[in-house]
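J.: This is the structure I have questions about; it appears just below.
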Amino acid sequence: MIDKSLLPQHVGVIMDGNGRWAKKRGLPRTEGHRRGAEVFRAISTYASDIGIPYMTFYAFSTENWKRPEQEISVIMDLFRNFLHEAQDRRAENEERGFRFRFIGDLTVLPEDIRSLAEYMEQNNPERGRTTVNVAVNYGGRSELVRAVREVASRVQSGSLALSDVSEKTVSDLLYTSGQPDPDLIIRPSGEFRLSNFLTWQSAYSEFWFSDVLWPDFTTDDFDRALEDFARRNRRFGGI
Ligand code: FPP
């Protein structure tokens, strides 16, 4: 059991390897996503059990629209199911202290998903033990462009002085406003990239990589990442 004071406050997870997992079994890629959504549930629950306050899962990037229509449609169905489930299990989630958020540009998502996401966010408990961000149609660069536009608009209207624009100004305009930056980012499936995930927020994140494909990822793998993180010496540019 890891010393609680050494637990990360925020963990980002790139849920990668679903397609390869399915291919290895002769299954359609979408089966990998279905299994991946179950692992998302299991890891979120475990993170809340052990007291991690923030989790961010990369579920669909601004680049994922390039995938076949049928695959996108199944992923959208998985979001839909999750949102319905969040509605049905409101009491249970509240008791557990889950707060769920969708981060990313939701404006282009199917209307029903947008309104379910809005409903979910409005009905989150005031206080919670674990905030789970699901990044959907999310891209770190587009998140920054959105923040830059807002800064420019405030400067132009005179409500913000150029000399007052700080790192905090930018952080406060990101989807993760008010949340700590991720201490740890986990990427399974043997890839060593950030892929436009939490571009600004990851400036001082620790990274943990594994060959395990996301649908095979277990709480034991998560523990390994946490144990490794607990041993890291973080200096944030100091000595
Ligand atoms: C990347 O693996 C995975 C995705 C683009 C989709 C991830 C989505 C889910 C796990 C569903 C999430 C659902 C909820 C409710 C949060 P890949 O397909 O690129 O894998 P590959 O590199 O092996 O092809």
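J.: Relative contact order for the stretch 167-239: what is it in percent, counting Cα pairs under 8 Å that are at least 6 residues apart? Working shown, then result.
T.: Details: 55 pairs, mean separation 22.2, N = 73.
Relative contact order here is 30 percent.
J.: For the stretch 173-203, list residues with backbone N below 14 Å from a point placed 7 Å from the Cα of GLU63 toward its Cβ?
T.: 191-199
J.: Sticking with this structure for a sec: Relative contact order for the stretch 44-147: what is it in percent, counting Cα pairs under 8 Å that are at least 6 residues apart? Intermediate results must be reported in sequence, preceding the final value.
T.: On the way: 133 pairs, mean separation 47.1, N = 104.
Result for the stretch 44-147 is 45 percent.
J.: Additional query: Once amide H atoms are placed 1.01 Å from N in the peptide plane, what residues at a sequence separation of 5 or more from GLU206, or on another chain, have their amide H within under 5 Å of its amide H?
T.: LEU184, ILE185
J.: Going 7 Å from the Cα of THR169 toward and past its Cβ, which residues in the stretch 143-163 have a backbone nitrogen under 15 Å from where you end up?
T.: 145-163
J.: Say we join alpha carbon atoms closer than 10 Å with springs in a Gaussian network model of the chain; which of GLY51, GLY178, GLY19 then has the biggest fluctuation?
T.: The residue that fluctuates most here is GLY178.
J.: Oh, and also: Considering only ALA225, GLY190, SER153, whose Cα is most displaced toward the positive end of the charge dipole of the chain, charges sitting on Cβ of Lys, Arg (+1) and Asp, Glu (-1)?
T.: GLY190
J.: Determine the distance separating the Cα centre of the stretch 138-175 from the Cα centre of the stretch 29-43; give it in Å without decimals.
T.: Each part's Cα centre sits 35 Å from the other's.
J.: Would you mind ranking LYS23, LYS66 by Cβ crowding within 10 Å, fewest neighbours first? Walk me through the numbers on the way to the answer.
T.: Working: LYS23 14, LYS66 8.
Result, fewest neighbours first: LYS66, LYS23.
J.: Moving to a separate point now. Charges only on Cβ, +1 for Lys and Arg, -1 for Asp and Glu: so what's the dipole of the stretch 1-103 about the Cα centre, in debye to the nearest 20? All intermediate terms of the calculation are to be shown ahead of the outcome.
T.: Details: 17 positive and 14 negative charges, 73 e Å.
Computed about the Cα centre, the dipole is about 340 debye.
J.: Would you order ARG25, ARG67 from fewest to most other beta-carbon atoms within 10 Å of each residue's own beta-carbon?
T.: Working: ARG25 12, ARG67 15.
Going from sparsest to densest Cβ surroundings: ARG25, ARG67.
J.: Report the one residue of GLN201, SER163, LEU174 whose Cα lies farthest in the direction of the positive end of the charge dipole of the stretch 102-239 (charges on C-beta: Lys and Arg +1, Asp and Glu -1; origin at the Cα centre).
T.: Ranked along the dipole, the leading option is SER163.
J.: Tell me, what is the FRET efficiency for MET76 and VAL148 to the nearest 0.05, using R0 = 30 angstrom and their Cβ-Cβ distance as r? Please report the intermediate quantities before stating the final value.
T.: Numbers: r = 29 Å, r/R0 = 0.96.
Result of the calculation: an efficiency of 0.55.
J.: Also, quick follow-up: LEU162 to GLN9: extension gain in nm, 0.36 nm per residue of separation minus the Cα-Cα distance? List each step's numbers first, then the result.
T.: Working: separation 153, 0.36 × 153 = 55.08 nm, distance 3.21 nm.
Answer, rounded to one decimal: 51.9 nm.
J.: Hey, another quick one. May I ask you to compute the full-extension gain from ARG89 to LEU27, defined as 0.36 nm times their residue separation minus their alpha-carbon distance, rounded to one decimal in nm? Each step should come with its number before you reach the end.
T.: Values: separation 62, 0.36 × 62 = 22.32 nm, distance 3.04 nm.
Stretched fully, the ARG89-LEU27 segment lengthens by 19.3 nm.
J.: Each label point is 7 Å from the Cα along the Cα-to-Cβ direction; what then is the distance between the points at ARG224 and ASN123, in nm?
T.: 3.8 nm
J.: Beyond a 30 Å Cα-Cα separation, which of these cross-linked pairs lie in this structure: LYS4/LYS168; LYS4/LYS66; LYS24/LYS66? All intermediate terms of the calculation are to be shown ahead of the outcome.
T.: Numbers: LYS4/LYS168 28 Å; LYS4/LYS66 41 Å; LYS24/LYS66 23 Å.
Over 30 Å apart, Cα to Cα: LYS4/LYS66.
J.: Which one of ILE52, ILE186, ILE72 has the biggest mean-square fluctuation once the chain is modelled by GNM with Cα springs under 10 Å?
T.: ILE72
J.: Moving on. Only Cα pairs under 8 Å and at least 6 apart count here; give the relative contact order of the chain as a rounded whole percent.
T.: 29 percent
J.: Let me ask something additional. From the residues MET15, PRO28, MET76, which one has its Cα farthest along the dipole of the stretch 1-125 in the positive direction, the dipole being from +1 and -1 charges on Cβ of Lys/Arg and Asp/Glu about the Cα centre?
T.: PRO28
J.: Moving on. Report, in debye and to the nearest 20, how large the dipole of the chain comes out about its Cα centre when Lys and Arg carry +1 and Asp and Glu carry -1 on their Cβ. Spell out each step's value before the answer.
T.: Working: 32 positive and 36 negative charges, 90 e Å.
The calculated dipole for the chain is roughly 440 debye.
J.: Follow-up question, since we're still on this one. Counting other beta carbons within 10 Å of each residue's own, what order do LEU198, LEU6, LEU226 fall into, fewest first? Don't skip to the answer; put the middle values down first.
T.: Values: LEU198 26, LEU6 12, LEU226 20.
Listed from fewest to most nearby Cβ atoms, that is LEU6, LEU226, LEU198.
Rule-based calculations on the coordinates, nothing more; no lab input. Quick caveat: nothing in here was measured; it's all calculated off a predicted structure. As a convention, Cβ positions derive from the backbone with ideal geometry for all residues, glycine included, and neighbour counts pool all protein chains shown.
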